[in-house]
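Structure record follows, encoded as structure tokens.
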Amino acid sequence: PGSTQMNEKLILTDADGVLLDWGTAFEQWMHGEGWKHVDDYEFQYRMQDRFAMSNETAEQAVVEFNRSDFMEHLGPWRDAVPYVKQLGEGGYRFVVINSM
């Protein structure tokens, strides 16, 4: 715990949007809150554009979502499970760096 081997194989990573599917859960939560997507939302990156809301409203929604029970139940992001497993079996150790 206190020391790190020089040849240790570490992967430093974020969790949401890398290992965990934050975006899908957020959008499900938003729909539960009564928000609807704009047309062609798939081509929009920013949540304020996907839901036609102000920057301030989008920031508040993210804060509320991040404090919600949804955060305890985020699913895996795309193919994270098999690749994390494969890398772990190859001797890599994951260290998650996240503000959550």
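Residue pairs whose Cβ atoms lie under 7 Å apart, sitting 6 or more positions apart in sequence or on different chains, and linking a residue in the stretch 6-23 that is open to solvent by 60 Å² or more (accessible area, probe 1.4 Å) to a partner that is hydroxyl-bearing (Ser, Thr, Tyr), are 9/92. Regarding residue 63, is this residue surrounded by fewer than 12 Cβ atoms within 10 Å (Cβ to Cβ) and among the aliphatic types (A, V, I, L, M)? It is true that residue 63 is surrounded by fewer than 12 Cβ atoms within 10 Å (Cβ to Cβ) and among the aliphatic types (A, V, I, L, M). Within the stretch 29-46, the set of residues being modelled with pLDDT of 95 or more and not in a loop (DSSP other than H, G, I, E, B) comprises 29, 30, 31, 32. Taken over the stretch 43-100, the criterion of being touching a residue at least 12 places away in the same chain (Cβ under 8 Å), closer than 18 Å to residue 16 by Cβ and among the aliphatic types (A, V, I, L, M) is satisfied by 47, 58, 61, 62, 71, 74, 80, 84, 95, 96, 97, 100.
Can you tell me which residues in the stretch 39-60 are under 21 Å from residue 99 (Cα atoms), open to solvent by less than 60 Å² (accessible area, probe 1.4 Å) and either touching a strand residue (DSSP E or B) at 6+ places or on another chain (Cβ under 6 Å) or not hydrophobic (A, V, I, L, M, F, W, C) (or both)? Once the filter is applied, which keeps residues that are under 21 Å from residue 99 (Cα atoms), open to solvent by less than 60 Å² (accessible area, probe 1.4 Å) and either touching a strand residue (DSSP E or B) at 6+ places or on another chain (Cβ under 6 Å) or not hydrophobic (A, V, I, L, M, F, W, C) (or both), the stretch 39-60 yields only 57. In the stretch 77-99, which residues are under 17 Å from residue 10 (Cα atoms) and of a type in the set (Phe, Trp, Tyr)? Selection gives 83, 92, 94. Conditions: (1) open to solvent by 70 Å² or more (accessible area, probe 1.4 Å); (2) outside any loop (DSSP other than H, G, I, E, B). Residue 94 meets all but one. Number of the miss? All conditions pass for residue 94, except number (1). Residue count for the stretch 66-91 under the criterion of being at positive phi and open to solvent by 90 Å² or more (accessible area, probe 1.4 Å): the result is 1.
The values are calculated or read from the model by the stated rules, or taken from the named source; none is laboratory data. Because the structure is a prediction, the values reported are computed rather than measured. As a convention, Cβ positions derive from the backbone with ideal geometry for all residues, glycine included, and neighbour counts pool all protein chains shown. All accessible areas refer to the heavy atoms of the entire protein, side chains included, with ligands and DNA or RNA removed. Shrake-Rupley method; radii C 1.70, N 1.55, O 1.52, S 1.80 Å.
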